[in-house]
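S.K.: Let me begin by handing over the structure; questions about it come next.
The values are calculated or read from the model by the stated rules, or taken from the named source; none is laboratory data. Note that the structure is predicted; figures quoted are calculated from it, not measured. Note that we place each Cβ from the backbone using ideal geometry, even for glycine, and neighbour counts take in every protein chain shown. Surface areas here come from the heavy atoms of the whole protein model, side chains and all, with no ligands, DNA or RNA. Shrake-Rupley method; radii C 1.70, N 1.55, O 1.52, S 1.80 Å.
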Amino acid sequence: MSDSVDLRKVVEQVQDFLAPRLDCYEQMIYHYLFRHTRLEGRRQITVGTRTIQARTGAGMGKKGSPPSQRVISDKLRTLERKGCIRIVERSAQGTALVVLLPHEIPGVVVEAPQVSKEDMETLDFFNDPDRRLALLRREGGHCFWCLRGITEANYSLDHVNPRSGPVEDHTYRNLVACCWECNSRKQATPAEEFLRRLYREGLLSADDHQKRVEAIEALRSGRLVPVLEDAGGASG
Ligand SMILES: [Zn+2]
């Protein structure tokens, strides 16, 4: 394999980054060209507008007919203008063109900065405002303990396991967003004991209590990873 592609990544990038820039004709033609080039490990193809017309979208032209060759020819030009293909030459055999993948087209794929898994495990979520908010989002705007609604204006962060050594654990596995009342009531009470208390007091139903116990397990085992938003600010 000379030029194999990471298919999953390409499909994601085509749909997430490229498709919003293309009209439906362009998408249809791009998919066709991709299938006969990069998917097969080559970059270039020579293809006629008649072939594209016959092999792609029926029902996209007038009254449910295929798009005309003129439309396809126009769309090849706009695809080139958008950087998706590079036309090498036109001849009697058709148009020779190179197909580019989303990450090869300048300015198309804009990934949020990724925090590696290891970094995530050690990040301080207590002293950073953006990361604090990521925990509020993770909790879906509800107190982790009693499930009442909380907002940016009235939430607090609670350490699930209180400090046991010289250094407090500020990682996402030990912090939850909660209401002020739960925070001040829980103090050093172990999580399960505090949840039982809320249940006995009628602040949690049996069902909710069980789900909170499961949430604690998920938290400790690292399954409740908060999502950090791109600090650079996504466009749109
Ligand atoms: Zn609460």
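S.K.: Dipole size in debye (nearest 20) for the stretch 117-220 around its Cα centre, Lys and Arg Cβ +1, Asp and Glu Cβ -1? Write out the running numbers ahead of the final one.
M.R.: Values: 16 positive and 19 negative charges, 66 e Å.
Dipole of the stretch 117-220, to the nearest 20 debye: 320 debye.
S.K.: Summarise the accessible area of the stretch 137-189 (1.4 Å probe, protein heavy atoms) by the percent that is carbon and sulfur. Don't skip to the end; give the middle numbers.
M.R.: Numbers: 1330 of 2590 Å².
So the carbon and sulfur contribution to the accessible surface is 52 percent.
S.K.: Moving on. What GluC sites (Glu not before Pro) in the stretch 128-224 are in a loop by DSSP, with at most 16 other Cβ atoms within 10 Å of the Cβ?
M.R.: Working: sites: E139, E152, E168, E181, E192, E193, E201, E214, E217; in loops: E139, E152, E168, E201.
The qualifying sites are E152, E168, E201.
S.K.: Where in the stretch 8-65 are there GluC sites (Glu not before Pro) that are in a DSSP coil and have at most 15 other Cβ atoms within 10 angstrom of their Cβ? Working shown, then result.
M.R.: On the way: sites: E12, E26, E40; in loops: none.
Taking the stretch 8-65 and a limit of 15 other Cβ atoms within 10 Å, no loop GluC sites (Glu not before Pro) are found.
S.K.: For the stretch 1-62, what class follows from the C-alpha gyration tensor (a ≥ b ≥ c being the square roots of its eigenvalues): rounded when a/c is under 1.5, otherwise prolate if a/b is larger than b/c, else oblate? Walk me through the numbers before you get to the answer.
M.R.: Details: a/c = 2.85, a/b = 1.28, b/c = 2.22.
Since a/c reaches 1.5 but b/c is at least a/b, the shape of the stretch 1-62 is classed as oblate.
S.K.: Which whole-Hz couplings ³J(HN,Hα) result when phi for each residue of the stretch 157-172 is put into the Karplus expression 6.51 cos²θ - 1.76 cosθ + 1.60, θ = phi - 60°, listed in order with x for Gly and Pro?
M.R.: My calculation for the stretch 157-172 gives 10, 10, 7, 5, 9, x, 3, 10, x, x, 10, 7, 8, 9, 7, 5 Hz in order.
S.K.: Let me ask something else about it. Normalised by the residues of the stretch 7-104, what does the relative contact order come to in percent, with Cα pairs under 8 Å and at least six apart? Let's see the in-between values first.
M.R.: Working: 117 pairs, mean separation 31.5, N = 98.
Value for the stretch 7-104: 32 percent.
S.K.: Please give the charge dipole size of the chain, origin at the Cα centre, charges +1 on K and R Cβ atoms and -1 on D and E Cβ atoms. Round to the nearest 20 debye.
M.R.: Details: 35 positive and 33 negative charges, 287 e Å.
Roughly 1380 debye, rounded to the nearest 20.
S.K.: Per DSSP H run of at least 4 residues, take -39500 (n - 2.57); add these up for the chain, divide by its residues and hand me the 222 nm value, nearest 500 deg cm²/dmol. Write out the running numbers ahead of the final one.
M.R.: Values: 9 runs with 87 residues, N = 236.
That comes out to -10500 deg cm²/dmol.
S.K.: On to the next question. Calculate, for the stretch 117-220, the solvent-accessible area per residue in square angstrom, rolling a 1.4 angstrom probe over the heavy atoms of the protein chains.
M.R.: 53 Å²
S.K.: Oh, and also: Taking a ≥ b ≥ c as the square roots of the eigenvalues of the Cα gyration tensor of the stretch 7-104, is the shape rounded (a/c under 1.5), prolate (a/b larger than b/c) or oblate?
M.R.: oblate
S.K.: Let me ask something additional. Per the 1.4 Å probe, what fraction of the accessible area of the stretch 7-104, in percent, lies on carbon and sulfur atoms? Intermediate values should be presented prior to the final figure.
M.R.: Numbers: 2680 of 5460 Å².
Heavy-atom surface of the stretch 7-104 belonging to carbon and sulfur, 1.4 Å probe: 49 percent.
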